[in-house]
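Here the structure is laid out as structure tokens; the discussion comes afterwards.
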């Protein structure tokens, strides 16, 4: 199966120069993203609110959510919100200084499933659906961050899903591409971007150099 390529939405994000700090934490499944983010939040010594986007659709997911909740300090606040990221960040900022968003991967899945309700998943065109709309949701989130005090920090967790095989079904390709664009968008605005590999974090934004052939 060949790769289905299309251009990302033309709207470019504005880099985050004011307001709350944004850290983006990327990695594959079980790479240690949540553990690393929780460690950063704990070491800050500040109040923490967790924005949880997971929904308990089955017994395994309910058990997974329970394990995450049990592992967190008892004084951390938790806001469960599968779709309204901007509203959740606004509410979390009223309760804490460090906002831990876990995670954008599930939020993107929740958002795409809502948008695609009633559509034939096998007939979805990966070249035109959802990308621009999803990035507008993320831009709204960034606008809220820019309006928050500089004392606030958002730790946003997301999976790097573009390193594997091309999904065999259209909605899977839309999901992969949309999350990839979201990650790029947030990485451009973030103060730091950490990539987790086998539990080891690398600040890839600090390693960034301007590309040139000369």
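A few remarks follow.
- Restricted to the range 165-190, and to residues there that are out of contact with any helix residue (DSSP H, G or I) (no Cβ under 8 Å at 6 or more places or on another chain) and outside any helix (DSSP H, G or I), the residue that is farthest from residue 113 (Cα to Cα) is 165.
- Exclusive hit being farther than 23 Å from residue 162 by Cβ, touching a strand residue (DSSP E or B) at 6+ places or on another chain (Cβ under 7 Å) and either modelled with pLDDT of 85 or more or surrounded by 17 or more Cβ atoms within 10 Å (Cβ to Cβ) (or both), set 86, 151, 44: 44
- Breaking point among (1) surrounded by 15 or more Cβ atoms within 10 Å (Cβ to Cβ); (2) modelled with pLDDT of 95 or more; (3) outside any helix (DSSP H, G or I), for residue 54: (2)
- Condition check for residue 94: on the phi < 0 side of the Ramachandran plot and modelled with pLDDT under 95: no
- Positions within the range 163-179 being in contact (Cβ under 8 Å) with a residue 12 or more places away in the chain and more than 14 Å from the chain's Cα centre (by Cα), in sequence order: 163, 166, 168, 169, 170, 171, 173, 174
- Index of the failed condition, residue 68 passing every other in (1) modelled with pLDDT of 95 or more; (2) part of a helix (DSSP H, G or I); (3) under 17 Å from residue 156 (Cβ atoms): (1)
- Filter pass, residue 204 being surrounded by 15 or more Cβ atoms within 10 Å (Cβ to Cβ), modelled with pLDDT of 90 or more and in contact with a strand residue (DSSP E or B) (Cβ under 6 Å, 6 or more places away or on another chain): no
The values are calculated or read from the model by the stated rules, or taken from the named source; none is laboratory data. Keep in mind it's a predicted model, so treat the numbers as computed, not measured. All Cβ positions, even for glycine, are placed from backbone atoms using ideal geometry, and neighbour counts span all protein chains on display.
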